[in-house]
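*Asks:* Handing you this structure, nothing more for now.
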Amino acid sequence: MGGMPVTGVRLVEAEQAPLLARPFYANGNPGPIVAALAHVPELLEVTMPFLDVALGPSAVDARTKELVILRTSAVMGCRYCIQTHTVVARNTGLSVEEVAALRGEAPLEAAFTDPQELALLRWVEVVAVGPGPVAEAARREARAHLGDPELVELTLLVGATLLLNRFCTALELPTSPKALRRLAAEGWT
């Protein structure tokens, strides 16, 4: 096993990738999520396009998506997603204080003052931790700040992040060395 670390599941190397998974290795190391999913290329083929759309560019700006992804990951305690999305959030322009609050290392209200962002973060928490229906007060607050398209997309983003959180945590996927170096350089270790 050359370049891929051993985790809770063997990560599939490019030369061992099944035929259906090989396109995902065309540009080099595809990362641990793809390398784990490559065991079941039929799932890889449908999961990655879904994740690309859910997490990728849309009418919802990148900052808002990172608020959702990093906060969901912190609430769920997914080491891989917290580490990876701390770097993404900083690259997206979130401040050190905002990232610390999203990670649960400071109160959200200390870093966020925008009522729409605070309503969104409260929505993320109630959707992420469930169970059962969302309380009417939380629904009203979210609807006061988000239109139906945003509410649908951001709620699905919470769900997609939860899927990734459980997948990455259960399989103990490794954070990339590049991300770990960046985290260490910024004092996030």
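*Asks:* Can you tell me which residue among 139, 90, 181 is open to solvent by 50 Å² or more (accessible area, probe 1.4 Å), assigned to a helix (DSSP H, G or I) and either in contact with a Lys or Arg (Cβ under 7 Å, 6 or more places away or on another chain) or modelled with pLDDT under 95 (or both)?
*Replies:* 139
*Asks:* I would also like to ask the following. Is it the case, given these coordinates, that residue 165 is within 13 Å of residue 70 (Cβ to Cβ), touching a Cys at 6+ places or on another chain (Cβ under 6 Å) and modelled with pLDDT of 95 or more?
*Replies:* It is true that residue 165 is within 13 Å of residue 70 (Cβ to Cβ), touching a Cys at 6+ places or on another chain (Cβ under 6 Å) and modelled with pLDDT of 95 or more.
*Asks:* Among the residues of the stretch 153-178, what is the count of those that are surrounded by fewer than 16 Cβ atoms within 10 Å (Cβ to Cβ) and farther than 26 Å from residue 97 by Cβ?
*Replies:* Final tally of qualifying residues: 7.
*Asks:* Still on this structure, I have one more. Select from the stretch 123-136 the residues that are surrounded by 17 or more Cβ atoms within 10 Å (Cβ to Cβ) and of a type outside the set (Val, Ile, Thr) and list them in ascending order.
*Replies:* 123, 128
*Asks:* Considering 104, 132, which residue is farther than 24 Å from residue 185 by Cα and not polar (S, T, N, Q)?
*Replies:* Residue meeting the stated conditions: 132.
*Asks:* Pairs under 7 Å by beta carbon, first residue free of Cβ contacts under 8 Å to residues at least 40 places away in the same chain in the stretch 43-60, partner hydrophobic (A, V, I, L, M, F, W, C) and not in a helix (DSSP H, G or I), six or more apart or different chains?
*Replies:* The qualifying pairs are 44/38.
Rundown of residues vs (1) farther than 15 Å from residue 94 by Cβ; (2) touching a Lys or Arg at 6+ places or on another chain (Cβ under 6 Å); (3) among the hydroxyl-bearing types (Ser, Thr, Tyr), yes/no style:
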{"site": "39", "(1), (2), (3)": "yes, no, no"}
{"site": "42", "(1), (2), (3)": "yes, no, no"}
{"site": "47", "(1), (2), (3)": "yes, no, yes"}
{"site": "53", "(1), (2), (3)": "yes, no, no"}
{"site": "61", "(1), (2), (3)": "no, no, no"}
{"site": "71", "(1), (2), (3)": "no, no, no"}
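*Asks:* Inside the stretch 31-40, can you point out the residues that are outside any helix (DSSP H, G or I) and crowded, with 22+ Cβ neighbours inside 10 Å?
*Replies:* Result: 38, single match.
*Asks:* Inside the stretch 41-73, can you point out the residues that are surrounded by 14 or more Cβ atoms within 10 Å (Cβ to Cβ) and not in a helix (DSSP H, G or I)?
*Replies:* 58, 60
*Asks:* Continuing with the same structure: Tell me, please, whether a residue that is modelled with pLDDT of 95 or more, under 16 Å from the mean Cα position of the chain (by Cα) and part of a helix (DSSP H, G or I) can be found in the stretch 128-136.
*Replies:* Yes, the stretch 128-136 contains a residue that is modelled with pLDDT of 95 or more, under 16 Å from the mean Cα position of the chain (by Cα) and part of a helix (DSSP H, G or I).
The values are calculated or read from the model by the stated rules, or taken from the named source; none is laboratory data. Because the structure is a prediction, the values reported are computed rather than measured. Neighbour counts are summed over all protein chains in view; Cβ atoms, including those assigned to glycine, are modelled from backbone coordinates with ideal geometry. When the accessible area is computed, the model is the full protein with side chains, heavy atoms only, and any ligands, DNA or RNA have been set aside. Shrake-Rupley method; radii C 1.70, N 1.55, O 1.52, S 1.80 Å.
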